[in-house]
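Trainee: Attaching a single structure in structure tokens format; questions to follow.
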Amino acid sequence: MRVVVGITGGIAAYKAVGVVRTFVLAGHEVHVVPTTAALRFVGRPTLEAISRNPVESDLYDGVAEVRHVALGQRADLIVIAPATANSLAKLAAGLADDLLGTTVLASSAPLVVAPAMHTEMWANAATQANVRVLEQRGTVVVGPVSGQLTGQDSGAGRMAEPADIVAAALDAAVAANPDLDRAVPPPPPDDSLAGKRVVVSAGGTREPLDPVRFLGNSSTGRQGVALAEAARDRGADVVLIAANLEVAVPTGVQVVAVTSAEGLLDAARREAGTADLIVMAAAVADYRPAVTAPLKLKKADLGERMTVELVRNPDVLATLAAERPRAGQVVVGFAAETEPDREALLRLGRQKVAAKGADFLVVNEVGFDRGFGAGDTAVIVLDAAGRIVAEAGGDKPSVAAAILDAIAPR
Ligand code: CTP
């Protein structure tokens, strides 16, 4: 919640730092408004450092944005600690001759005060009358407590402990507005994909020759599935376009099963409309049989040789990268290459990322015995300009995490 902490000019002002810090550590946004007198007891730099916000005390600071009205209206809670006898009198009278006074008057948020003064001043009939007026208006008064005062003496008048003031203040805020949280969870880490819609394609397409035969490839879908799981674990809403996976589909993601490149294109285009991030990890056949026989092909009809004519498949990645139905959408491709020389591999990757129009390309070297299946893998992530933004090796889940780390900031 948004908390205004007012500090008035008494020796207990130094303890107000503890009040501010307790609110900040619980995740609340704190704006400190000290009176001029309070700044004689505690310095502005301390308050700015602890509250992580600029500190103003003068009514004539930020006049253009009508600071007191802005602070007062935006506040969910106003706490004045310490509240001196003078400030209680001013609050009771509704005086508004400084930024704190005007902020309080401009706000409908719960007001909590923590008086601190000498015992006689606290016991004085004028102070007691002011406190009663404030309480009748709904102000929550925390303390003072009895104990050692500034001088040699002790008695009632000591400011309550910061933790007690904050607890009472949060109670008052939540009682007034049950939608507020006593503790605000820390903001999600930078790598969070919470609220994002992520579409991942995985597996390898199959291009049918006849009802029982197809042209396929060695992709198992492990890397794509690991990416879908990693995105899910970072809070994304994940759609997995699954092309003939050899591994189990993960839980907690929406699965769209496809078979061929054309089926994958249709599904990907449908899902792209709402996607923030598209990762094309599937191995898509570049060609398909020009005709799919409606019935099983027979040796008796084909004889000793069989010729299959292939036609080019659409390029799903390039199509998605060109269409981008959603502003800010990030499109990531994969490139499995058999080139063993690193520089030549990077050259191929740079050409491919440019040709496809993708924002990132994950390049990995594959071979007959490498890259597919359960084993370790090694990838280089290039951005659209062909710069290396990450290199990672290991099992597929760790590589998936490294890939998301590299692209999540986008
Ligand atoms: N891809 C695609 N549609 C195709 C072929 C590939 O969407 N018809 C995607 C893959 O999913 C991958 C990227 O393009 O993300 C690169 O795939 P790759 O097979 O390495 O590239 P090709 O375009 O097929 O290039 P090459 O000529 O090297 O095979």
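The values are calculated or read from the model by the stated rules, or taken from the named source; none is laboratory data. Because the structure is predicted, anything quoted here is derived from the model rather than measured. Please note: Cβ atoms are built from the backbone with ideal geometry, for glycine as well, and neighbour counts cover all protein chains shown. Ligands, DNA and RNA are excluded from the accessible area calculation, which covers all protein heavy atoms including side chains. Shrake-Rupley method; radii C 1.70, N 1.55, O 1.52, S 1.80 Å.
Trainee: Could you please tell me which pairs satisfy a Cβ distance under 7 Å, a separation of 6+ or placement on different chains, a first residue in the stretch 350-363 that is more than 9 Å from the ligand (Cβ to nearest atom), and a second residue that is part of a helix (DSSP H, G or I) and open to solvent by 50 Å² or more (accessible area, probe 1.4 Å)?
Mentor: GLY357/ALA322
Trainee: Can you tell me which residue in the stretch 239-251 is modelled with the highest pLDDT, limited to those that are over 12 Å from GLY203 (Cα atoms) and open to solvent by less than 40 Å² (accessible area, probe 1.4 Å)?
Mentor: Residue satisfying both the conditions and the ranking: VAL239.
Trainee: Just give me the residues in the stretch 287-321 being over 17 Å from ARG206 (Cα atoms), within 16 Å of the ligand (Cβ to nearest atom) and of a type in the set (Ser, Thr, Tyr), in sequence order.
Mentor: Result: THR319, single match.
Trainee: So ALA272 passes all but one of these: (1) open to solvent by 20 Å² or more (accessible area, probe 1.4 Å); (2) modelled with pLDDT of 95 or more; (3) among the small types (Gly, Ala, Ser). Which condition number does it fail?
Mentor: Of (1) open to solvent by 20 Å² or more (accessible area, probe 1.4 Å); (2) modelled with pLDDT of 95 or more; (3) among the small types (Gly, Ala, Ser), only one is false for ALA272: (1).
Trainee: If you scan the stretch 92-120, which residues turn out to be open to solvent by 30 Å² or more (accessible area, probe 1.4 Å), assigned to a helix (DSSP H, G or I) and out of contact with any strand residue (DSSP E or B) (no Cβ under 7 Å at 6 or more places or on another chain)?
Mentor: Passing the criteria: ALA93, LEU105, GLU120.
Trainee: Would you check if there is a residue in the stretch 279-286 being in the same structural domain as ALA236 (by TED's automatic domain parsing) and more than 12 Å from the ligand (Cβ to nearest atom)?
Mentor: no
Trainee: Shifting gears a bit: Loosely packed, with under 14 Cβ neighbours inside 10 Å, at pLDDT below 95 and under 22 Å from ARG410 (Cβ atoms) - does that describe any residue in the stretch 168-188?
Mentor: Within the stretch 168-188, one or more residues are loosely packed, with under 14 Cβ neighbours inside 10 Å, at pLDDT below 95 and under 22 Å from ARG410 (Cβ atoms).
Trainee: Take the residues of the stretch 189-210 that are among the charged types (D, E, K, R) and open to solvent by 10 Å² or more (accessible area, probe 1.4 Å): which is modelled with the lowest pLDDT?
Mentor: Looking at the filtered set, the residue picked out is ASP190.
Trainee: Does the stretch 252-264 hold any residues that are open to solvent by 20 Å² or more (accessible area, probe 1.4 Å) and within 15 Å of the ligand (Cβ to nearest atom), and which are they?
Mentor: Hits for the stretch 252-264 are THR259, SER260, GLU262, GLY263.
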